[in-house]
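To start, the structure itself, in C-alpha cells.
The values are calculated or read from the model by the stated rules, or taken from the named source; none is laboratory data. None of the values given here were measured: they were computed from a predicted structure. Don't worry about glycine lacking a Cβ; one is built from the backbone with ideal geometry, like all the others, and counts go over all protein chains shown. Remember, those area values only see protein heavy atoms, side chains included, never the ligands or the DNA or RNA. Shrake-Rupley method; radii C 1.70, N 1.55, O 1.52, S 1.80 Å.
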Amino acid sequence: MDNVQIKQSLNFVCEYAKLIGVNRLSLCWHGGEPLLLGEKRLEEVLKYASELFSTNNIKYEFGTQTNATLLTPAYYSIIKKYFNGYVGVSLDLFSDYRIFKSNKVSNDLVIKNIDAALAAGIRCGSINLITKQNINHIEDIYNFYKIRNMNVRLARVFPISIEENKSSSMYVSDEEFASAMIEYFNLWKSDSKPAKNTDIVRLVGDLLLGRPSICLRERNCQERYLALSPDGDIYPCAEFDDPKSVIGNFLSQTPKEFFDSDIKRSIFEHAPIPPQCSECKYETTCYGGCLRERFVLQYPFRCKSNVIYWDHILKWLESKGCYLYMLRGKSREEIIKVMTELFANS
C-alpha cells in the first residue's frame, strides 16, 4: 500500500471499531514483507495510527510478522517503541525453500539477524514450517528455540488443492505432522526446564475448558478479524486469497456500508462446520477447524492430524488426574489453580 491507502485503511478500521462498539483492537502489520516499507515510512504510519486511535479513545496494540531478512538495527527503536519490543519472524529451520533471487537460502542471514535482535533486547517468536526436509530435526528445532527463549508455532503448508498436498516435498501428511507435533510435545513435557511454548499451554487449556483460544479453531473467526489488502479489498483474514472470499472494500465502502452488508454471512454459509464434527469429542475445541480451509478446500484440512495429536495430549492429561473439559463452567480462580498445579508438576 502507499501511504494514502494505509491511512485510509486505518481511518476505516477506526470508524468501524467505533461503529460496532469496540474499544480495544490489535493491528498486525503483515504482508508480503512489512519491513520493505523502510524505517521512515513504517514509523510515519505507526505514529499516525497511534495518534488516530488514541484520539478516538481506542486502546490498541501493534504486532508484525517478518521474514527477518531486513531485521536490522535500523528497526530496533521502532520495534521497542511501537511493537512492545516484540517481533514475529518466519523461519523454517533445516529447509531450503526460502531463497533470494540469487538462489541463496536465507536461513543463515535470518538466524544472524534474529540473534542480533535478541542481543539488543528485542523479543522474538517464530512460525516454523514442518516439511519433509526438516521433519527428522524436531529435537534440533526444539533446542534452537529453547536456547534463545523463543516461542514457536509449528505449522505446515496449506495446500492449494488436495492433489497438491501429495505432490510437493513442502507438504507432510497428517500422520507425519502429528508425529512431529507429538515428538515436540514429548520433548517439552519431559524437559525439567521446558522451552517456552504458548501454543501447548493454550491447547491444554482449550482441552480442559472446551473452547478455542486461537483463531484457527474459532467457530467463525471473521467475527473478530479483518484483513485489508493494497487494492482496498477486505478479507475475513490474511490467510484468504481467493477472490470469492472478498467481503468488502475500504476504498469504495464506508464502514457503515460494510457493516450493513450480509456478505460475511455468505462466507460462513459456504464453509459450514462439517456435520461429522457434531460426533467428535473435540467439537467445541475446534468447530471444524480453520474457516479458510473449509472455504477453499471444502474439508477440514487439519482435522486428522489434530485428533492424533490431541489424543496424545489427552492421555498425558489423564495421567495427571485431569480429563477432557473438566474446567468447563468453573470459576476463574479454580481454572487458574488447576492450570498452575498442572504445569508446576509437569
request  = Please state which of the following conditions Q253 fails to meet, knowing it meets all the rest: (1) part of a loop (DSSP other than H, G, I, E, B); (2) touching a strand residue (DSSP E or B) at 6+ places or on another chain (Cβ under 9 Å); (3) open to solvent by 60 Å² or more (accessible area, probe 1.4 Å).
outcome  = (3)
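Residue-wise test of (1) more than 24 Å from I127 (Cβ to Cβ); (2) within 21 Å of the chain's Cα centre (by Cα); (3) open to solvent by 80 Å² or more (accessible area, probe 1.4 Å).
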| site | (1), (2), (3) |
| --- | --- |
| M1 | no, no, no |
| I20 | yes, no, no |
| L35 | no, yes, no |
| K40 | yes, no, yes |
| E51 | yes, no, yes |
| N56 | yes, no, no |
| L71 | no, yes, no |
| G88 | no, yes, no |
message = Residues to consider are K146, K112, K101, K80; find the one that is among the basic types (K, R) and buried (at least 18 other Cβ atoms within 10 Å of the Cβ).
response = K146
query = What do you reckon, is S190 without any contact (Cβ under 8 Å) to a residue 60 or more places away in the chain, more than 27 Å from Y86 (Cα to Cα) and in contact with a Lys or Arg (Cβ under 6 Å, 6 or more places away or on another chain)?
reply = no
ask   = Has segment 320-332 got at least one residue that is in a helix (DSSP H, G or I), among the charged types (D, E, K, R) and surrounded by fewer than 14 Cβ atoms within 10 Å (Cβ to Cβ)?
value = yes
query = Scanning segment 256-283 for residues that are without any contact (Cβ under 8 Å) to a residue 12 or more places away in the chain and among the charged types (D, E, K, R), which turns out least open to solvent (accessible area, probe 1.4 Å)?
reply = E283
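Out of the residues in segment 277-295 that are among the hydrophobic types (A, V, I, L, M, F, W, C) and assigned to a loop (DSSP other than H, G, I, E, B), state the one that is nearest to E239 (Cα to Cα). Write out each step before concluding.
So the first thing to find is which residues in segment 277-295 are among the hydrophobic types (A, V, I, L, M, F, W, C), and the list is 277, 280, 286, 290-291, 295.
Right, trim to assigned to a loop (DSSP other than H, G, I, E, B) and you get 280, 290.
On the way: C280: 26, C290: 10 Å.
Step by step, filter segment 277-295, then rank; the result is C290.
Could you tell me whether segment 120-128 includes any residue that is free of Cβ contacts under 8 Å to residues at least 60 places away in the same chain, touching a helix residue (DSSP H, G or I) at 6+ places or on another chain (Cβ under 8 Å) and more than 22 Å from E43 (Cβ to Cβ)? Reasoning before the result, please.
Going residue by residue through segment 120-128, those that are free of Cβ contacts under 8 Å to residues at least 60 places away in the same chain are 120-126, 128.
From what's left, touching a helix residue (DSSP H, G or I) at 6+ places or on another chain (Cβ under 8 Å): 120-122, 124, 126, 128.
Filter again for more than 22 Å from E43 (Cβ to Cβ), leaving 126, 128.
Yes - at least one qualifying residue is present in segment 120-128.
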note = In segment 171-197, anything charged (D, E, K, R) and farther than 21 Å from M150 by Cβ is listed as D174, E175, E176
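Quick check, is D96 part of a loop (DSSP other than H, G, I, E, B), in contact with a strand residue (DSSP E or B) (Cβ under 9 Å, 6 or more places away or on another chain) and crowded, with 17+ Cβ neighbours inside 10 Å?
no
So which of K315, K337, K264, K304 ends up being at pLDDT below 90, part of a helix (DSSP H, G or I) and either of a type in the set (K, R) or within 24 Å of N186 (Cβ to Cβ) (or both)?
Working: K315 fails: at pLDDT below 90; K337 fails: at pLDDT below 90; K304 fails: at pLDDT below 90.
Answer to the selection: K264.
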remark   = With the first residue restricted to segment 198-209 and required to be within 16 Å of M150 (Cβ to Cβ), and the second required to be modelled with pLDDT of 95 or more and among the hydrophobic types (A, V, I, L, M, F, W, C), Cβ contacts under 7 Å at 6 or more apart or on different chains are I200/F185; I200/W188
note = By residue number, the members of segment 140-160 that are assigned to a loop (DSSP other than H, G, I, E, B), of a type in the set (A, V, I, L, M) and under 16 Å from E239 (Cα atoms) are V157, I160
